[in-house]
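Here, each number is a calculation from the coordinates, and none is a lab measurement. Everything numeric in this text was worked out from a predicted model, so none of it was measured. So basically every Cβ, Gly included, is an ideal-geometry build from the backbone, and we count neighbours across all protein chains shown.
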Amino acid sequence: MLPTSRYFRVALSVAATLLCIYLFGLLRGFFMDIWAVISTVFYPFLAALIISYILQPIVELLHRRRVPRSAAILCIYFTFAILVVVAVLNAVPVISRQISQLVSSLPAITAQISHWMDMVNSRKQYLPNAVRVGLENALQQLEHRFETAPTGIFSFISSTINAIFMAFIVPFLVFYMLKDAKAIGRAMVGLAPVRYKRRVRIILHGVDQTLGGYIRGQFLVMLAIGILAFIGYLIIGMPYALLLALFLAIADIIPYLGPIIGIAPAVIIALTVSPALLIKVVIVNIAVQQCEGNLISPQIMGRTLKLHPMAIVAALLIGGELAGVVGLILAVPTLAVLKVVWSSFADERRSRIPK
């Protein structure tokens, strides 16, 4: 007879999870080929899901005021169209101009970094051998990244064109997700066997609450960080202020690593200007992160997910290894969904234990 103790079941679950991860690693190439096909459908649905969660409170507010859901969604679309026109007329030219200026400045930035590399190389003989080897590898990788930066920009432009095509599909998906949200939920519950319908309904409700709170909260936090960083960069006279603030806000999606990734372009550009500007950039980012950690996130996010930091770090490592940047972005919400499912099964089991 197999042991039935709690520790044995936990150990068995951990072993099974590690085995699944190992098998996935062995078959990674096969899954990546499948993912290349599935992603063309997955990304529009993911974008529509995120947007629908952000807009859902507004739709519900209008619906409670006796505005039909379809009319409420169309009103939001009309308002959004006006905002897009305003953004195109104001923000987009600024961002486009800053991107063009940054591209034209890349040779000078690369030359400056190469000069620093030469200075470091001339002094590296005084360093321990292990440190010297690690530094050489890091410098070679950094130089390679800057040499291939123009190619990366053209790749970015290609991705932007694909995003424009996707932009025509996503609004239709968002409309029906907002209009028929309850019907979609009932249909998903209806697919489950009768004995599991109640559990599936509870899980879907928990997932909806968790994802909705996380996505809406993260959107507001990103918006606040972008505005604060933009104001700070303008005050210190940072070049490409709007572009760098936008990058910092988007990078904040990734827990823990986001602020480091977000500040990197600003630090590199500030280094090519002056040490004083570098210090100012660091001060601005420290101030923004302090505001985010002590004022913005506690008020907006609170303890929405209630996940242990070690679990978040593990999810980031696994997500980054499996799916790169997309994996880093989706790691935390995926972990939150798994926690909801696990908690539902755990509550079900506890309810069967006689008191």
**Spin-label model distance (nm) - S39 vs I184, 7 Å beyond Cα toward Cβ** = 2.3
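Residue separation times 0.36 nm, minus the C-alpha to C-alpha distance between L234 and F345: what's the value?
Full-extension gain reported as 34.8 nm.
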**Prompt:** Tell me, what ³J(HN,Hα) does each residue in region 286-293 have, in order and in whole Hz, if you take phi through Karplus 6.51 cos²θ - 1.76 cosθ + 1.60 with θ = phi - 60° and put x for Gly and Pro?
**Reply:** 4, 5, 5, 5, 5, 4, 5, x
**Message:** Using the basic label-point model (7 angstrom from Cα toward the beta carbon), what is the A264 to L223 distance in nanometres?
**Reply:** 2.8
**Item:** Full-extension gain in nm, F80 to A15, via 0.36 nm per residue minus C-alpha separation
**Value:** 18.5 nm
**Complete:** Applied in sequence order to region 188-196, the curve 6.51 cos²θ - 1.76 cosθ + 1.60 (Karplus, θ = phi - 60°) yields integer Hz couplings, x standing for Gly and Pro, of 5, 5, x, 6, 7, x, 4, 5, 10
**Prompt:** For A167 and I202, FRET efficiency with R0 = 35 Å and r from the beta-carbon atoms, rounded to 0.05?
**Reply:** 0.50
**Message:** Give me K306, K179, K197 sorted ascending by neighbouring Cβ count inside 10 Å, so fewest comes first.
**Reply:** K306, K197, K179
**Request:** With a Förster radius of 25 Å, plug the Cβ-Cβ distance of V325 and Y22 into 1/(1 + (r/R0)^6) and report the FRET value to the nearest 0.05.
**Result:** 0.60
**Message:** If I take R0 = 25 Å and measure r between the Cβ atoms of V88 and Y176 in this structure, what FRET efficiency does the formula 1/(1 + (r/R0)^6) give, to the nearest 0.05?
**Reply:** 0.45
**Request:** Starting with the fewest neighbours, write out D252, D347 ranked by other beta-carbon atoms found within 10 Å of each beta-carbon.
**Result:** D347, D252
**Complete:** Most exposed first, judged by fewest Cβ atoms within 10 angstrom, H63, H308 run H308, H63
**Segment L191-L257, extension gain: residue separation times 0.36 nm, minus the distance between their alpha carbons** = 19.9 nm
